[in-house]
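The values are calculated or read from the model by the stated rules, or taken from the named source; none is laboratory data. Treat the numbers as computed from the prediction; the structure is a model and nothing was measured. So basically every Cβ, Gly included, is an ideal-geometry build from the backbone, and we count neighbours across all protein chains shown. SASA here: full protein model, heavy atoms, side chains in, ligands and nucleic acids out. Shrake-Rupley method; radii C 1.70, N 1.55, O 1.52, S 1.80 Å.
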4 protein chains.
Amino acid sequence: MTGDTHRPHTGRRRNEAARQAILDVAVELLGSAGDGPVTIDTIAAAAGVGKQTIYRWWPSKGAVLLEALAGRAGADIPVPDTGSLRADLEAFLRATFRAAGNPHTASALRHTMAEAQRDPHAREPMRDFLASRRRVLRGLLERARDRGEIASGADLDLIVDQAYGVLWIRILNGHARLGEAEATALAGSLAGQARG
Amino acid sequence: MTGDTHRPHTGRRRNEAARQAILDVAVELLGSAGDGPVTIDTIAAAAGVGKQTIYRWWPSKGAVLLEALAGRAGADIPVPDTGSLRADLEAFLRATFRAAGNPHTASALRHTMAEAQRDPHAREPMRDFLASRRRVLRGLLERARDRGEIASGADLDLIVDQAYGVLWIRILNGHARLGEAEATALAGSLAGQARG
Amino acid sequence: MTGDTHRPHTGRRRNEAARQAILDVAVELLGSAGDGPVTIDTIAAAAGVGKQTIYRWWPSKGAVLLEALAGRAGADIPVPDTGSLRADLEAFLRATFRAAGNPHTASALRHTMAEAQRDPHAREPMRDFLASRRRVLRGLLERARDRGEIASGADLDLIVDQAYGVLWIRILNGHARLGEAEATALAGSLAGQARG
Amino acid sequence: MTGDTHRPHTGRRRNEAARQAILDVAVELLGSAGDGPVTIDTIAAAAGVGKQTIYRWWPSKGAVLLEALAGRAGADIPVPDTGSLRADLEAFLRATFRAAGNPHTASALRHTMAEAQRDPHAREPMRDFLASRRRVLRGLLERARDRGEIASGADLDLIVDQAYGVLWIRILNGHARLGEAEATALAGSLAGQARG
DNA sequence: TACTAAACGAGACGGTACGTCATGTCTTCGT
DNA sequence: ACGAAGACATGACGTACCGTCTCGTTTAGTA
């Protein structure tokens, strides 16, 4: 960025408190699993905000939801660096599964992924969000590869997708648990495969 | 699907033509990627059917979509049995990815998965559909295990979920291709992982 | 297709009870002078009807209001025929002023005339409504002319507009009463003028 | 109005140019018949003024409109004094009808009268405006009465209301022209009526 | 020359109402 | 008695306009 510090910007500034309230409320509603279908009116009312204030800054409901989600999810997943692929992977996946296994977070992820399929404005943010998560995991793998723990020809992106694929299909379909045991097993499989 | 043509019946029977028309139209609309949201009115109109005829036989839009999808997807995926895990897996995944990589099918899968998140009536059929696909792949793996190609302690379900996880996350998020090369790579990874 | 001569109208018929409820509620709300601004949502809620049911049959709020008004106003103004212009005019204007002087009716007329200025869909119905009222009064005058009570060259339409002009300007601006005394005075003036 | 001379008043003074621009723009927008609804945002933008500058000096949109209208309408209607009721009335009504018959003025009057029905802040100014116009015409009639051209018992206000009533009902409803011929006819009728 | 107060253009804000769209239910009539 | 047509209640959507509330800037009087 250059030094365009002198933004003129006449007029009232965006109310940051309102923005936060909207996102907070969105996350909260997204998380309350059973409750009805997360409405813009509901968000606006709960945030003490006019609907237009939402539509002034986001192009659609999906976009709000995505931004709300992206701001939260993944925030508390530390990236371990123990020097061992197996241990790093296990720690990372355990933290990830623990977070995603939380019913509120899972509900939010489900809702949001569904929204991203129907709302074009939510597609791109969702891609960005997932890309950022994938990037983190890929970084972890790259470090291991640099240490020689992974064959240099291995397809790191495929490993990443195997990890997040298991996570997402279980979130969306709910046919299996997302617990620490599952994370450990998955970490073991992937580490073994990578070492392959 | 099956030949229940010759069954005698007293009283007026369900109009099988209407049922088929509804499912056909649903699949078709589901597949026309860009076009607006798949509506019940749209389906009814395109099928030349009254809305009530749909709601008489299915509890909700999602249920129709799911049945339409389940009747098609997976129908043309043969289950290979070459005697080699690696070859079986590769053949199966290549066929699967080829089918799911088709833009129309992918669009239908996307729509339907989204619908399953919001429509309770679609959850169960979606679970059944995915379970049936998983069962097929698991059967393939079990045969390999019986042949001794897989360590007896391996978590077959985890392998299955990795396969379908990669498929679904790429369908839903569209960040990577779903081609034969990807299928082959994935088959190699999973076979290696299974072999231990 | 040929021969669609008499389409017998398949499908559910319009709910006449709903239609009446909408118009009744509209008149009632229109008449409750002080209360806020007669909303479509309010009408729908009070009539126990969905908004779409209103918009299915009327193009806009103004059109509903106009039809509601036209169905009521003027309904209870008898057209006298005493054989005397002066007496007929007086009776007619007294009844008209008495009706229009009623605060509820006046409020409704005011609201509706205002709506007709802003809503293109309300213009035409308003013209029709006023035309029908003018026609009644003009008929009364024509009978008097046929009896020789009015000079054959008199501009009956002008007389009619003088009468309804006084009515409306007072309704809209409220600078003078609309009582029977005023009706009597106006009847006298107009009868004198007509007599030439 | 007067005598607040000793108010210290520090700070910037009211921008008279802005005030004029607002009123000018209001009149112009009010007059552009077909164009959408006259909005405060539109006025502000067209006048190159902030909305607050409008609301600082007027209590509501209607008030602006009214002041804009009152400042223009009636300004160019001379009050004739020929010594003959009939001639005075005809001259006055011809000038009035000519002005009000102008499509721009008519549009402005229509809009404004509608606004006065819904905006309490516009009611009083509208009453004042109409009262001032009525007063002028009444003055004309009073002079004629003083000359003995009108029966002393005649209800001058009723005559005035007939004149403006015809004008307004035709402006608002548009069922008849507002031309010079109509003005002449009306003048004749009212003069005859007044003469008794 | 500073300082203070008010008015200014810009524009974001909380609201209210609008008119549209989709869902799932409920008539009506033709076959 | 089934089924296509389509009206129904419900409720969310996204837009428009209202009148209010900041922003930072300009303009006048006061110190």
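Numbers below:
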item	result
Accessible surface, per residue, of the protein assembly as shown when the full set of protein chains is kept, probe 1.4 Å, Å²	48 Å²
Carbon plus sulfur fraction of accessible area for the protein assembly as shown, probe 1.4 Å, in percent	51 percent
Cβ-vector label at 7 Å, D:Ala17, separations to other copies in nm	3.8, 6.7, 7.9
Nearest beta-carbon to the D/A symmetry axis - residue in chain D, distance in Å	D:Gln52, 4
Karplus-derived HN-Hα couplings along region C:73-78 (A = 6.51, B = -1.76, C = 1.60, θ = phi - 60°), whole Hz, x at Gly and Pro	4, x, 5, 10, 9, x
Among A:Leu130, A:Leu109, A:Leu65: highest mean-square fluctuation, GNM of chain A, C-alpha pairs under 10 Å	A:Leu130
Within straight-line cross-link reach of C:Lys51, lysines at Cα separation under 26 Å, skipping those fewer than 8 residues along the same chain	A:Lys51, A:Lys61, B:Lys51, B:Lys61, C:Lys61
Point-to-point label distance, C:Glu28-C:Lys51, nm (Cα→Cβ direction, 7 Å offset)	2.1 nm
Protein accessible surface hidden between A and B, which excludes ligands and nucleic acids, total in Å², probe 1.4 Å	2700 Å²
FRET efficiency, 1/(1 + (r/R0)^6) with R0 41 Å, evaluated for D:Val136 and C:Asp146 via beta carbons	0.55
Per-copy distances of the A:Gln52 label point, shortest first, in nm (7 angstrom along Cα→Cβ)	1.7, 2.8, 4.4
Rg(Cα)/(2.2 N^0.38 Å) for region A:72-194, N = residue count	1.06
10 Å Cβ shell holding at most 13 others, DSSP loop, trypsin sites (Lys or Arg not before Pro): longest site-free stretch of chain D	D:15-146
Long-range amide H partners of B:Ile150 with built H, under 5 Å	B:Arg145
Shielding by partners, peptide A:114-121 (average Cβ within 10 angstrom, other chains)	5
Pseudo-label separations to other copies for B:Ala87 - Cα-to-Cβ vector, 7 Å, nm	4.4, 11.6, 12.1
Solvent-accessible surface (1.4 angstrom probe) belonging to A:Thr53, in square angstrom, nearest 10	40 Å²
